[in-house]
Amino acid sequence: MPEASLITAKGLTVSRGKRVLLDAVDFEILPSEALTLIGPNGAGKTTLIRALIGMVPYSGTLTRRKGLRLGYTPQKLPLEQLIPMPVDRFIALSGERNRARRREMLARCGAEDLQDSQMAALSGGETQRVLLARALMRQPDLLILDEPTQGLDSPGEARFYELLSDIRAETGVAVFMVSHDLHMVMAQSDRVICLNQHICCSGTPGVVAEDPSYLQLFGPRAGIAPYQHHHHEHCDHD
Amino acid sequence: MIDPFLLKAALAGLLVAWVAAPLGCLVVWRRMAYFGDATGHAALLGVALAMSLSMPPLVGVVVVASAMALTITFTTRSGFAADTMLGVFSHAALAIGLVAAALLPGVRLNLINTLLGDILTVSNREIIWIALGGAVILAVMTAAWRGLLNATLSPELMAAEGGSLIRDKLIFTLSLAVFVALSMKLVGILLITAMLILPAAAAAPLARSPERMVAISALIGSVSVLGGLWLSWEADTPAGPSIIVVASLVFVLSALGPRKN
């Protein structure tokens, strides 16, 4: 095992009853890299994340670098409508007692005006900024983001990726992100893993985009922005 | 001069209302009203078993209610919807308790008092038990409060931050089981869930932070206890249901009132 990797998975397998959700998945997450996980619905992306954060039992091995600090943003907070929860209090629940530091991090994530708002009243983009601020409070080595741009419009999505790329440049934090949207994300990633129960293919965005198993899963329209034209040369239908 | 029975009942009732506030808020936030019902209903079987074995009823209630709460919490889903399963557990527990109370030797149970509460006959010793048990629940919940809130908001987030979900579940379920034992005397096993969720639900539209909601809910619980006891004293109505009637009125007022935001 290379000493440098933050997380190494070998033969990671998760089953529920007779169904195999993840089948002998091998991968590693390297320091400071932006790694994106893509795959169709039901491919096991969420299961993989849940295994990484210790929510589901698995077989195989999952090794974390010693002392690894993890930041995580869930897709959404399902019960937020029921709990009165001001943003600043939510950030404090990460364990950060220093109000000035909480305020600073919210400002860093473009959410300084939101500290007294209720979590339930935030828009999708605002929620993601607040979740990101909370994840960063822990000064993580690795951020795990579960579909952070789901439900955002295109400008909101672009702003979120811009923020993320600034933060990466500043802190060198590695990002492991689950995503549906292929264009933006793949342009932002160092490496891409394409999952469908097992790992279909992985590599740089360019390599994955040309991979037959990727094209089979996502169809020939799933072009990655910079490579789009090359793709269309391969297409002979639709 | 206020009657000493009434004073004792008020003291016991207020203690229960204060302990109910944080637990009730968690039950409301987590959508676990049915879970509270099932745990509460299991208490009847606990009382019957304890009497039959000549043990203190409170011990039987804590044991059986804990067993019920832990079974539900750690039973993996079985192909039925969660509310169906909880309904099955809850009503089976109530029915088994009723049958056991009739069948087991040595059980002499005032069914109405067990089901609806009997706070006007609360003894000094019972008040001490309520105070001690309540203090333990409040101390544990205060110590674990941040974790309880995190597990409520997002179990995934809590796990990722290194928190223990099992510890959270144990604290929540065992606190609930002990609370069932403490509150039985006040509202009876049929209305335990009402004592938990009505004040919390009435507090929800008025609160802007989780702790504020707990505080308001404790206040509404206290008003309900005092109002219900007064109603019971004046109109000779059963005390437990009278408390819940007052809590329901407060809930309606709060729900009709102006919204924050």
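Structure above, values below:
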| item | result |
| --- | --- |
| Orientation-averaged projected area, Cα convex hull of region A:1-117 (nm²) | 9.9 |
| Spin-label model distance (nm) - B:LEU53 vs B:VAL136, 7 Å beyond Cα toward Cβ | 1.6 |
| Gained length - A:GLU170 relative to A:THR204, 0.36 nm times residue gap less alpha-carbon distance | 10.0 nm |
| Mean Cα-pair separation over length for chain A, i.e. relative contact order, pairs under 8 Å, 6 or more apart, % | 25 |
| Cα convex hull of region B:1-103, projected area averaged across orientations, nm² | 8.5 |
| Relative packing of peptides B:193-202, B:216-225 - highest average C-beta neighbours within 10 Å first | B:193-202, B:216-225 |
| For region A:62-135, alpha-carbon Rg and Dmax in angstrom | 13.0, 40 |
| Leading residue at positive end of dipole, region B:1-146 (Cβ point charges), from B:VAL140, B:LEU7, B:ALA21 | B:VAL140 |
| Computed Rg/Rh of region A:110-178, alpha carbon atoms with Kirkwood Rh | 0.94 |
| Pairwise FRET efficiency - A:ASP26 versus B:ILE166, Cβ, R0 = 25 Å, nearest 0.05 | 0.30 |
| Label-point gap, in nm, between A:ALA107 and B:VAL252 - each point 7 angstrom along Cα→Cβ | 5.1 |
| Three-way shape call for region B:34-170 based on the alpha-carbon gyration tensor, with the a/c threshold at 1.5 | oblate |
| Alpha-carbon Rg with Dmax, taken over the protein assembly as shown, Å | 27.1, 95 |
| Most fluctuating residue given options A:THR36, A:THR73, A:THR171, as computed from a GNM of chain A linking Cα atoms under 10 Å | A:THR171 |
| Solution diffusion estimate, µm²/s, Stokes-Einstein, chain A, Kirkwood Rh from C-alpha pairs, 25 °C, viscosity 0.890 mPa s | 131 |
| Calculated [θ] (222 nm, deg cm²/dmol) that DSSP helices of n ≥ 4 give over the protein assembly as shown, each run adding -39,500 (n - 2.57) | -18500 deg cm²/dmol |
| FRET efficiency estimate (nearest 0.05) - Cβ-Cβ, B:ASP236 to A:MET55, R0 45 angstrom | 0.25 |
| Kirkwood-type radius of chain B, with distances r between different C-alpha atoms, in Å | 18.6 |
| Convex hull projection area averaged over all views, region A:2-46, Cα basis, nm² | 3.7 |
| Whole-Hz couplings from phi, Karplus 6.51/-1.76/1.60, listed for region B:137-144; x for Gly and Pro | 4, 5, 5, 5, 5, 5, 5, 9 |
| Rounded Å value of the spacing that divides the Cα centres of region A:149-207 and region B:154-208 | 39 |
| Listed residues A:LEU152, A:ALA120, B:MET158: farthest to the positive end of the dipole of the protein assembly as shown (Cβ charges) | B:MET158 |
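None of the figures in this text is laboratory data; all of them are computed from the coordinates on show. In this text the structure is predicted, and so the values were computed from the model without any measurement. As a convention, Cβ positions derive from the backbone with ideal geometry for all residues, glycine included, and neighbour counts pool all protein chains shown.
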